[in-house]
Amino acid sequence: MSNKNYQEATYLAQIGNQSDQQTGSVNPPIYLSTTYAHPELGQSTGFDYTRTANPTRQIVQEALARLENGRFGFATSSGMSAIQLVFELFPCGSRFLVSRDLYGGSYRYFNALSQQGKYHFDYFDTLEDLTAQLTPEIAAIFLETPTNPLMNEVDIAQVAALTKTMDTLLIVDNTFYTPILQKPLDLGADIVIHSATKFLGGHNDLLAGAVITKSSNLGEKLAYSLNTTGAVLAPFDCWLLIRGLKTLKLRVLQQQENAQRLAAYLESEPAIKEVFYPGRGSMISIKLHSSEQVPGVLSALQLFTFAESLGSVESLVTYPTTQTHAEIPKELRESYGLTDNLLRLSVGIEDAEDLIADLQQALKNAE
């Protein structure tokens, strides 16, 4: 596709189209070859070995960079490999400030790095808490916004302004909002990561991660590290991610519309003790009056599937206590509000009336 400044929905629909000039294929090919012929000694087509560069991966990486208004995009084998790639930028002994409320897998990784003595992590709950802990010794701030699963929003621009005064990098996990609702690089972040398994892929059939930056210095280091370690996204998975991205805006906006309607219903539902929804996006967390109600609700749901993950076309319900956040010690979880009566909803593209009806009957049956 040309480099015209198309609107976002147009660009998304056209990702990879007309990239094969030889055949005129509308859909981009999947280049499965691991190696590529050299025209002559000392010459290259730009593709030598698929770990270093692959034509299908190049299409999706360029799309990821463009979506986040970055210059360099990297497609990795999972969301956690994306986080690992970013943290390989830092030398041993580095110190980090991290959102207290965050994905359990990220906590598990950070805890392992800390126990190995490689890095030191401190956690913050509020912007005031972050500000009090921020010193020139902090190599980077890692935050989710909204947080997982309590859905607290963090003002990226305010945090970025703080980091710029201390030469501290700002890393933002943008999985929940996607570039459709939030572009952290435009707000001052240095690096954006995604679990592309979620909204970017959108169909629960893909494991992938993404890292994007505007910085040439960071981009070169990330490219070197990814080529060295090899946690790249396979060609077929790149094609699946391309396919998912084509409908990203349609899906995200429909999911958000459904979530806003569900949140309004849940706020008025007597069976719900508390609703966590920041007003946008399609992730909602709810607290029941008692953890004893959880099994009944989960077993009564018919449209919502009880499963891990999020961001796909179908609606899911997750129990963080035993699933996504099980690695976080119980006392620590409960100290910041992640109690065992909390359920996390990932709202899909089904009809909102059907989703509301499913929640109504499940909550009634669990009384």
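Tabulated data for the structure shown
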quantity: Quotient of C-alpha Rg and 2.2 N^0.38 Å, computed over the chain; calculated: 1.02
quantity: Protection-proxy order for peptides 302-309, 249-256, 341-348, 104-111, each taking the mean of Cβ atoms within 10 Å per residue, highest first; calculated: 341-348, 249-256, 104-111, 302-309
quantity: Cα centroid separation, segment 260-306 to segment 58-92 (Å); calculated: 33 Å
quantity: Computed lengthening from Asp354 to Tyr336, 0.36 nm per intervening residue step minus Cα-Cα distance; calculated: 3.2 nm
quantity: Local net charge near Ala357, Cβ-Cβ under 15 Å (Lys/Arg +1, Asp/Glu -1); calculated: -4
quantity: Reachable lysines from Lys164, criterion Cα separation under 22 angstrom, eight or more residues apart if same chain; calculated: Lys183, Lys214, Lys221
quantity: Stretch gain in nm, segment Leu41-Asp155, where the contour uses 0.36 nm per residue and the Cα spacing is subtracted; calculated: 35.8 nm
quantity: Percentage, to the nearest whole number, of Cα pairs in segment 29-77 over 13 Å apart; calculated: 61 percent
quantity: Charge sum, other residues only, whose C-beta stays under 12 Å from Gln256's C-beta, Lys/Arg counted +1 and Asp/Glu -1; calculated: +3
quantity: Nearby lysines by direct alpha-carbon distance to Lys364 (threshold 17 angstrom, same-chain neighbours under 8 apart not counted); calculated: Lys273, Lys287
quantity: Over the chain: helical MRE at 222 nm, DSSP H runs n ≥ 4 each giving -39500 (n - 2.57), nearest 500; calculated: -10500 deg cm²/dmol
quantity: Translational diffusion coefficient (Stokes-Einstein; Kirkwood radius from C-alpha pairs) of segment 50-90 at 4 °C, 1.567 mPa s, in µm²/s; calculated: 118 µm²/s
quantity: Integer Hz, Karplus 6.51/-1.76/1.60 couplings in order for segment 64-71, x for Gly and Pro; calculated: 4, 4, 5, 4, 8, 6, x, 10
quantity: Neighbour net charge for Leu316 - beta-carbon separation under 10 angstrom, K R +1, D E -1; calculated: -1
quantity: Kirkwood Rh, angstrom, segment 249-365 [1 / mean 1/r, Cα pairs]; calculated: 14.2 Å
quantity: Separation in nanometres of the label points that stand 7 Å from Cα toward Cβ, at Glu292 and Gln323; calculated: 2.4 nm
quantity: Neighbour-count ranking [beta-carbon atoms within 10 angstrom, fewest first] of Ser216, Ser114; calculated: Ser216, Ser114
quantity: Selected from Thr76, Val159, Gly104, residue furthest toward positive end of dipole (the chain; charges at beta carbon); calculated: Thr76
quantity: Relative pair counts by distance (%), Cα atoms of segment 160-240, 10 Å bins; calculated: 17, 42, 34, 7, 0
quantity: Packing-based exposure ordering (other Cβ within 10 Å, fewest first) of Lys273, Lys287; calculated: Lys273, Lys287
quantity: Dipole magnitude of the chain, debye to nearest 20 (Cβ charges: Lys/Arg +1, Asp/Glu -1, about Cα centre); calculated: 820 debye
quantity: Percent of Cα-Cα distances greater than 28 Å, calculated over segment 1-160; calculated: 43 percent
quantity: Two-decimal Rg/Rh across segment 1-61, once Rg and the Kirkwood Rh are taken from alpha-carbon atoms; calculated: 1.04
quantity: Per-residue ³J(HN,Hα) for segment 123-137, Karplus 6.51 cos²θ - 1.76 cosθ + 1.60, θ = phi - 60°, Hz, x for Gly and Pro; calculated: 10, 10, 9, 10, 5, 5, 5, 4, 4, 5, 8, 6, 10, x, 6
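Just so you know, all these numbers are worked out from the coordinates, no wet-lab data involved. Just so it is clear, the model here is predicted, and its values are computed rather than measured. Note that we place each Cβ from the backbone using ideal geometry, even for glycine, and neighbour counts take in every protein chain shown.
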